[in-house]
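First the structure, in the form of structure tokens, and then the observations on it.
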Amino acid sequence: MEEIGFLGMGIMGKAMAMNLLRHGFKVSVWNRTLSKCDELKEHGASVGESPAAVIKKCKYTIGMLSDPAAALSVVFDKDGILEEICSGKGYIDMSTVDAETSSKISEAVKKKGGSFLEAPVSGSKKPAEDGQLVILSAGDKGLYDAILPAFDVLGKKSFFLGEVGNGAKMKLVVNMIMGSMMNAFSEGLVLADKSGLSPNTLLDVLDLGAIANPMFKMKGPSMIQNSYSPAFPLKHQQKDMRLALALGDENAVSMPVAAAANEAFKKARSTGLGDLDFSAVYEIFKGTEPSSA
Ligand SMILES: NC(=O)C1=CN([C@@H]2O[C@H](COP(=O)(O)OP(=O)(O)OC[C@H]3O[C@@H](n4cnc5c(N)ncnc54)[C@H](OP(=O)(O)O)[C@@H]3O)[C@@H](O)[C@H]2O)C=CC1
Ligand SMILES: O=CCCC(=O)O
């Protein structure tokens, strides 16, 4: 396959670009903080000086940026994607954003003759490293078919969900459920502890029953140790709750559980936990500050 551009070398982008390199793809990377491209360069990536430079070089470019403002910035700002995108080139935005942001990007890219696919992912740092993401794409079906060889390396399953916006919405619904679950899990761990039960035994009991799931299994032991090394930063989970609640507003869907979870994530952010893993919301329920990160 042709060289693939990759914008955004954060936790996810770096792991995904590394994975493509490991599987023999040629990759050209860019990051706002350019030094974060160094490790990729050592592994054979070329480094572009701007989003526009990467788009100019590559037929297909992927973006993995923090939030709607960042996703819009790499497209519309100076030296951004719009300066070089044209017929025959495709942009694939894998960031978690809302449908409105995605549609804005899609319209602008298409106006320049390019093609656009949104493709947010389920799965965190480790699945990104292992090529085990779940890819929720929507938009240009031709671009989806063309980029599938790369998706097959990045993920264990790719969905094509139709028109632009459907991928973004699906991702927000999934993360709304995940954020609410993390809050219930945190409350349960505190309740077990305060009522004289062992949180470790609670984890064993949960793992054997109908609500066993990979998230409790993976995050539980480190939460009990007050350890929150960021795989999925809490500030991004709160962004996703906020965007999911806005989707609920638009569709007149009452979401009291998600709204309460969002308040806990907001409180966690306001006490300086935003850059830790989203499981650090546990600290809000414990009513203490983390003793280690
Ligand atoms: N971590 C996870 O488990 C998952 C995350 N996601 C989603 O993927 C996206 C990336 O997440 P993750 O890698 O964890 O996030 P990080 O915070 O680790 O990385 C964010 C990236 O966005 C860049 N960025 C931020 N603001 C701007 C801006 N204004 N202009 C240009 N670049 C900008 C950062 O650049 P710089 O280095 O210069 O700050 C960095 O490359 C988010 O939308 C997140 O919700 C989806 C699935 C799982
Ligand atoms: O958006 C982040 C999702 C994290 C996960 O699916 O484990």
Note to self: C-alpha centroids of the stretch 125-159 and the stretch 57-121 sit apart, in Å, by 16
Which percent of Cα-Cα pairs in the stretch 58-215 sits in each 10 Å bin, short to long?
10, 34, 27, 14, 10, 4, 0
Sum up the charges of everything whose Cβ sits under 12 Å from the Cβ of Pro51, counting Lys and Arg as +1 and Asp and Glu as -1, but leave Pro51 out.
-2
Give me a comma-separated list of calculated 3J(HN,Hα) values for the stretch 111-127, in order, Karplus coefficients 6.51, -1.76, 1.60 applied at θ = phi - 60°, integers in Hz, x for any Gly or Pro.
4, 8, x, x, 10, 9, 9, 8, 7, x, 10, 9, x, 10, 4, 5, x
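Taking the highest mean first, how do the peptides 60-70, 106-116 order by number of other beta carbon atoms within 10 angstrom per residue? Can you show the working numbers first?
On the way: 60-70: 22.3, 106-116: 18.3.
Listed from highest to lowest mean packing, they are 60-70, 106-116.
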If each DSSP helix of 4+ residues adds -39,500 (n - 2.57) and the sum is divided by the residues in the chain, what number results at 222 nm, nearest 500 deg cm²/dmol?
-16000 deg cm²/dmol
About its Cα centre, how strong a charge dipole does the chain have in debye, to the nearest 20, once Lys and Arg get +1 and Asp and Glu get -1 at the Cβ?
200
Taking 85-91, 53-59 and ranking on average Cβ neighbours within 10 Å, highest first, one gets 53-59, 85-91
What is the sum of charges, Lys and Arg at +1 and Asp and Glu at -1, for the other residues whose Cβ falls under 12 Å from the Cβ of Ala71?
-4
Between the residues Ser87, Pro51, Pro127, the Cα farthest towards the positive end of the dipole of the chain, that dipole coming from +1 and -1 charges on the beta-carbon of Lys, Arg, Asp and Glu, is from Ser87
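Considering only Cα-Cα distances, which of the following residue pairs are longer than 27 Å: Lys56/Lys169; Lys112/Lys141; Lys89/Lys169? Don't skip to the answer; put the middle values down first.
Values: Lys56/Lys169 30 Å; Lys112/Lys141 18 Å; Lys89/Lys169 25 Å.
Flagged as over cut-off: Lys56/Lys169.
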Ser95: net charge of surrounding residues, Cβ under 12 Å, Lys/Arg +1, Asp/Glu -1, itself excluded?
-3
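No value in this document is a laboratory result; all are computed from the given coordinates. All of these numbers come straight from a predicted model, not from anything done at the bench. All Cβ positions, even for glycine, are placed from backbone atoms using ideal geometry, and neighbour counts span all protein chains on display.
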